[in-house]
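Q: First the structure, which I've put down as structure tokens, then a few questions once you've had a look.
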Amino acid sequence: SRTQVFHIDKGKLGEIIEEAAAIIKEGGTVAFPTETVYGLGADALNPAAVEKIFEAKGRPADNPLIVHVASKEGVGDLAKHIPQKAYTLMDKFWPGPLTLILQSKEVVPDITTGGLDTVALRMPDNRIALELIRVSGRPLAAPSANLSGKPSPTTADHVVADLSGRIDAVIDAGAVNVGVESTVIDMSSEPPAILRPGMISKEDIEEEIGGIGIGYEDRVHQDIEKVRSPGMKYTHYSPNAVVLLIEGDSKPVNAKIREMFCDFKTRGARVGLLLTDRSDAPDCDAFFLLGSRDRPDEIALNLFSGLRSLDEQKVDVIIADGSFSQRGVGAAVRNRLRKAAEMIIKVE
Ligand code: TXA
Ligand code: MG
């Protein structure tokens, strides 16, 4: 079946939203922009509609979806026993890239929550997303609109590349603003814990509600010799190429990138570089500039595009420069790169 593409700059916004909302109400799937990444939306309360999301993405059934709402008032319909701290965070950060895990009400079907008794809720900071929720009159279950295991989509073209023919429609409103997915915080536990880092940092949240925990594990550094032994496949956010992430200060990182680049070239591999400074680039097969290492916000915006772009250029190996600042969204960028990486090499 065909996937309809609505171009926001070519049609009337109101009419496009009406058409897209009609698809949602009929139980169909519509990919739409949010401030973080594009989401693949369906009526969160319609199990048959939500099933289509899992099918289109090839997503494992036990991985729950985020339910998107258009107002804080909508939260009480979907969640119960909402702690005061959750309201504090909604007041401060919504609409915005923060997802709250709360006790789920019965109306939310098992397929949406992956059978858990909690539900993930967020109000996106994007006019089109909010209008689509309002006009369809449904909360929208929406994971990132990529094939399961691929980098998240930051443009409608990424969505089309992965899901064309598998979903009913895409609303193309250009590139997103953040580039990495929302921060996920579990508010059903005390103290609350961050389950996925994003643009809203642990420090931002602690300023509002005090101490919180970390409920995710960042991978640790491994020995470089393991590059030669395959079999440590991490599939999250993974392009087809093997990703090697070099972490440390910029000087030793650059030296290591050059050394590894030459090493792979002598062995006949096609090498792509994901860099933070153009002047560092050796004469490589493919190259992508993430942005300045002092601007993690820039790097966040370009990260998934960069992984996709190097993949399209059919490189065997991607060497990624991990010398960027860890401030702000930098911690989330590092988390995504570590998930994409076959191997992380720390240099001093
Ligand atoms: O920025 C975002 O969050 C984007 C946009 C589209 O809103 N969405 C997104 O969805 O990244 P997805 O499905 O790719 O990631 C949702 C994450 C998954 O890691 C999932 O396991 C977790 O949230 N999650 C959802 N419901 C949960 C629950 N009840 N308990 C714990 N984790 C949950
Ligand atoms: Mg995802």
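The values are calculated or read from the model by the stated rules, or taken from the named source; none is laboratory data. Just so it is clear, the model here is predicted, and its values are computed rather than measured. Counting neighbours? That spans all protein chains shown, and the Cβs are built from the backbone with ideal geometry, glycine included.
Q: Could you tell me whether any residue of the range 248-268 is modelled with pLDDT of 95 or more, on the phi < 0 side of the Ramachandran plot and touching a Ser or Thr at 6+ places or on another chain (Cβ under 6 Å)?
A: Scanning the range 248-268 turns up no residue that is modelled with pLDDT of 95 or more, on the phi < 0 side of the Ramachandran plot and touching a Ser or Thr at 6+ places or on another chain (Cβ under 6 Å).
Q: Separate question: Looking at (1) touching a residue at least 24 places away in the same chain (Cβ under 8 Å); (2) more than 28 Å from residue 155 (Cβ to Cβ); (3) among the charged types (D, E, K, R), which is the one condition that is false for residue 91?
A: (1)
Q: Something else now. How many of the residues in the range 103-127 are outside any loop (DSSP other than H, G, I, E, B) and surrounded by fewer than 22 Cβ atoms within 10 Å (Cβ to Cβ)?
A: Step one: list which residues in the range 103-127 are outside any loop (DSSP other than H, G, I, E, B), which gives 103-104, 110-113, 118-122, 127.
Subsequent filtering for residues that are surrounded by fewer than 22 Cβ atoms within 10 Å (Cβ to Cβ) retains 103, 110-111, 113, 118, 127.
So the count comes out to 6.
Q: Kindly check whether there is at least one residue in the range 308-326 that is part of a loop (DSSP other than H, G, I, E, B), crowded, with 20+ Cβ neighbours inside 10 Å, touching a strand residue (DSSP E or B) at 6+ places or on another chain (Cβ under 7 Å) and charged (D, E, K, R).
A: no
Q: A follow-up question, please. Mind checking which residues of the range 10-54 are out of contact with any Ser or Thr (no Cβ under 8 Å at 6 or more places or on another chain), within 16 Å of ligand 2 (Cβ to nearest atom) and not hydroxyl-bearing (Ser, Thr, Tyr)?
A: Scanning the range 10-54 gives 31, 32, 33, 35, 54.
Q: Shifting gears a bit: Of everything in the range 295-307, what is surrounded by 23 or more Cβ atoms within 10 Å (Cβ to Cβ), out of contact with any strand residue (DSSP E or B) (no Cβ under 9 Å at 6 or more places or on another chain) and aliphatic (A, V, I, L, M)? Give them in sequence order.
A: Result: 299, 300.
Q: OK, next. Being among the β-branched types (Val, Ile, Thr), loosely packed, with under 12 Cβ neighbours inside 10 Å, more than 19 Å from residue 153 (Cα to Cα) and modelled with pLDDT of 85 or more, is that true of even one residue in the range 196-217?
A: Yes; the residues of the range 196-217 include at least one that is among the β-branched types (Val, Ile, Thr), loosely packed, with under 12 Cβ neighbours inside 10 Å, more than 19 Å from residue 153 (Cα to Cα) and modelled with pLDDT of 85 or more.
Q: Condition check: within 16 Å of ligand 2 (Cβ to nearest atom), polar (S, T, N, Q) and closer than 19 Å to residue 199 by Cβ. Does residue 148 satisfy that?
A: Details: within 16 Å of ligand 2 (Cβ to nearest atom): yes; polar (S, T, N, Q): yes; closer than 19 Å to residue 199 by Cβ: no.
Answer is no for this residue.
Q: Hey, among 341, 286, 255, which residue is among the hydrophobic types (A, V, I, L, M, F, W, C) and crowded, with 23+ Cβ neighbours inside 10 Å?
A: On the way: 286 fails: crowded, with 23+ Cβ neighbours inside 10 Å; 255 fails: crowded, with 23+ Cβ neighbours inside 10 Å.
Exactly one of 341, 286, 255 is among the hydrophobic types (A, V, I, L, M, F, W, C) and crowded, with 23+ Cβ neighbours inside 10 Å, namely 341.
Q: Turning to a different aspect of this structure: When the residues of the range 125-157 are narrowed to those that are within 11 Å of ligand 1 (Cβ to nearest atom) and more than 13 Å from the chain's Cα centre (by Cα), which ends up farthest from residue 24 (Cα to Cα)?
A: In this case the residue turns out to be 125.
Q: Any residue in the range 1-25 that is within 15 Å of residue 163 (Cβ to Cβ) sitting within a Cβ distance under 7 Å of a residue that is assigned to a loop (DSSP other than H, G, I, E, B) and polar (S, T, N, Q)? List the pairs, counting only those 6 or more apart or interchain.
A: 3/164
Q: Follow-up. Scan the range 285-306 for residues that are touching a residue at least 40 places away in the same chain (Cβ under 8 Å) and not in a helix (DSSP H, G or I) and jot them down.
A: Within the range 285-306, 293 is the sole residue that qualifies.
Q: Oh, and also: From the list 160, 119, 184, 176, which residue is more than 14 Å from ligand 1 (Cβ to nearest atom) and among the aliphatic types (A, V, I, L, M)? Working first, answer last.
A: On the way: 119 fails: more than 14 Å from ligand 1 (Cβ to nearest atom); 184 fails: more than 14 Å from ligand 1 (Cβ to nearest atom); 176 fails: more than 14 Å from ligand 1 (Cβ to nearest atom).
Among 160, 119, 184, 176, only 160 is more than 14 Å from ligand 1 (Cβ to nearest atom) and among the aliphatic types (A, V, I, L, M).
Q: To continue, here is another question. Any residue in the range 137-165 that's within 10 Å of residue 308 (Cβ to Cβ) and in contact (Cβ under 8 Å) with a residue 24 or more places away in the chain: show its pairings with residues that are part of a loop (DSSP other than H, G, I, E, B) and away from ligand 2 (no atom under 15 Å from the Cβ) at Cβ separation under 7 Å, as long as the two are six or more apart or on different chains.
A: 154/175; 155/175
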